[in-house]
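To keep things clear, I will list the structure first and then write my remarks on it.
The values are calculated or read from the model by the stated rules, or taken from the named source; none is laboratory data. None of these values were measured; they are calculated from a predicted model. For neighbour counting, all protein chains shown are included, and Cβ atoms are generated from backbone atoms with ideal geometry for every residue, glycine included. Ligands, DNA and RNA are stripped out before the accessible areas are found, and what is left, the full protein with its side chains, is counted by its heavy atoms. Shrake-Rupley method; radii C 1.70, N 1.55, O 1.52, S 1.80 Å.
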Amino acid sequence: MTSTTAKSIAALKDEMIEWRHHIHSHPETAFEEKQTTQFIIEKLKSFGITELYTDFAPTGVVGVIHGKNKGRTIALRADIDALDIVEENKIGYCSKIPGKMHACGHDGHTATLLGAAKYLSANRNFSGTVIVIFQPAEENEGGGRVMVENGLFEKFSIEAVYGMHNQPNFALNHFLINHGPVMASYDVFEIKITGVGSHAAAPHLGRDTILTATNIVNSLQTIVSRNLNPTDSLVISVTQIHSGDTWNVLPQHAVIRGTVRALSAEDQDLAEERIKHISTGTALTFCTKAEVNYQRRYPATINHAKQADIAIKVAQKLVGNDKIVIDSPPTMGSEDFAFMLQKVPGVYIKIGAGDGANLHNPSYNFNDEILTTGAEYFVEIVHQELGN
Ligand SMILES: [Zn+2]
Ligand SMILES: [Zn+2]
């Protein structure tokens, strides 16, 4: 990055902060980001970006920025949605929408990509096309998947995709870049157990669903310890058991629910297969029946080595080698950028936000001090990928 580029992006800082605070005070959740989308569209138009598309998802917007010369097409992505959390911050630009809050920093990611888009639109010294993706519904509802399924990547022949997330309690403006897995998959399961309800004083006349359920829960914990390759990571958490209403009845039904996090599709397959076998086998042991519904929500977020190397090169230019952590252990949370990475090569990096409340905490607030670093990162990615 030339010092002129860095200066021009630094000059956008106040504006980016203003946008970020506006979005922070107007949080909207999955597929309801109407005002947020309108705000982004107005900004993009004011930057001279007029080729805009809103038909890849119910909300969100995609902008097209052509360089001076023809060339390849790459995409930069920001997520725009908030969470159902009551904000506890006492700041001038607090959430004005009761029960909703930008507690994951997507307000900051949006402002960051807007800053990069403004710079790139004014300085089209690259060969090719940049697609800026403002993606809705990252939390829970898989807006990334929806955009992919609606042909976003085919429409523009996108060849690579870049995304970033802020990381509280990691040194300010330091970079975390992984080759390979960076976040886990997110699956959910439900096990419905049916037995024969009976008087609690006559268990021999019934078929006990609670006994079946507790044995299933215990046995599920053997999947990680006995079936998984010990060098892999997998989480199987049972988060709900529902059964029974009173003291003296053995209930006819029980339901177990939980979540699975894995770092590869193979381990997702393993978890699904073993949960089904253990549930039906245990039910058979206790003369009850178990029905398993296993749903895959988000795949693991797996970076591609070539784009990870490009990200490392860019980070080296921006902050220097000593502020980059390469190939740290992945976290077991999940991210729907994973769907984009299944479509085309790309990389999802994290930028340190310094000390503060963690993501999804009611006292969390995006650190404005990483806005320019993020925008510089996106701009330099474009220069690396598409030339100057
Ligand atoms: Zn989040
Ligand atoms: Zn997030």
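Inter-label distance, Asn150 to Thr214: 4.9 nm, where each label sits 7 Å from its Cα along the C-beta direction. From its DSSP helices (H runs of at least four residues, each -39,500 (n - 2.57)), the chain gives a residue-normalised ellipticity at 222 nm of -10500 deg cm²/dmol. Using the Karplus relation 6.51 cos²θ - 1.76 cosθ + 1.60 with θ = phi - 60°, the per-residue 3J(HN,Hα) values for the range 98-103 come to x, x, 10, 7, 7, 9 Hz, with x marking Gly and Pro.
3J(HN,Hα) along the range 346-358: x, 8, 10, 10, 10, 10, x, 9, x, 5, x, 5, 6 Hz, from the Karplus curve 6.51 cos²θ - 1.76 cosθ + 1.60 with θ = phi - 60°, whole Hz, x for Gly and Pro. Since only Gly281, Gly354, Pro251 are under comparison, the one whose Cα sits farthest along the positive direction of the charge dipole of the range 239-364, derived from C-beta charges on Lys, Arg, Asp and Glu, is Gly354. Shown for the chain: the carbon plus sulfur share of the solvent-accessible area, taken with all protein chains present and a 1.4 angstrom probe, equals 50%. Using the 1.4 Å probe convention, the accessible area of the range 279-352 works out to 46 Å² per residue with neighbouring protein chains retained.
Segment Thr259..Val325, full-extension length gain: 20.8 nm, with 0.36 nm per residue of separation and the alpha-carbon distance subtracted.
Converting phi to 3J(HN,Hα) with the Karplus coefficients 6.51, -1.76 and 1.60 and the offset θ = phi - 60°, the range 56-70 yields 8, 7, x, 10, x, 8, 10, x, 10, 10, 8, x, 4, 10, 6 Hz in sequence order, with x at every glycine or proline. About its Cα centre, the range 87-137 has a charge dipole of approximately 160 debye under the convention of +1 per Lys or Arg Cβ and -1 per Asp or Glu Cβ, with nothing else charged. In this structure, the amide hydrogen of His174, modeled 1.01 Å from its nitrogen in the peptide plane, lies closer than 5 angstrom to those of Gly352, counting only residues at least 5 positions away or on a different chain.
How much net charge surrounds Asn293 when only other residues with a Cβ under 9 Å from its Cβ are counted (Lys, Arg +1; Asp, Glu -1)?
Cβ neighbours under 9 Å give a net charge of -1.
Given a Förster distance of 51 Å, report the FRET efficiency between Cys287 and Asn358 from their Cβ-Cβ distance, rounded to the nearest 0.05. So the FRET efficiency works out to roughly 0.65. For the range 122-214, a simple Cβ point-charge model (Lys and Arg +1, Asp and Glu -1, everything else neutral) yields a dipole of about 40 debye relative to the Cα centre. Using only side-chain charges placed at the Cβ, +1 for Lys and Arg and -1 for Asp and Glu, the dipole size of the chain relative to its Cα centre rounds to 540 debye. Helix screen, the chain: DSSP H segments with Cα axial length of 15 Å or more and mean Kyte-Doolittle hydropathy at least 0.5 are 209-220.
For the range 1-105, what is the accessible area per residue in Å² when the probe is 1.4 Å?
So the range 1-105 comes to 47 Å² accessible per residue, rounded to a whole number.
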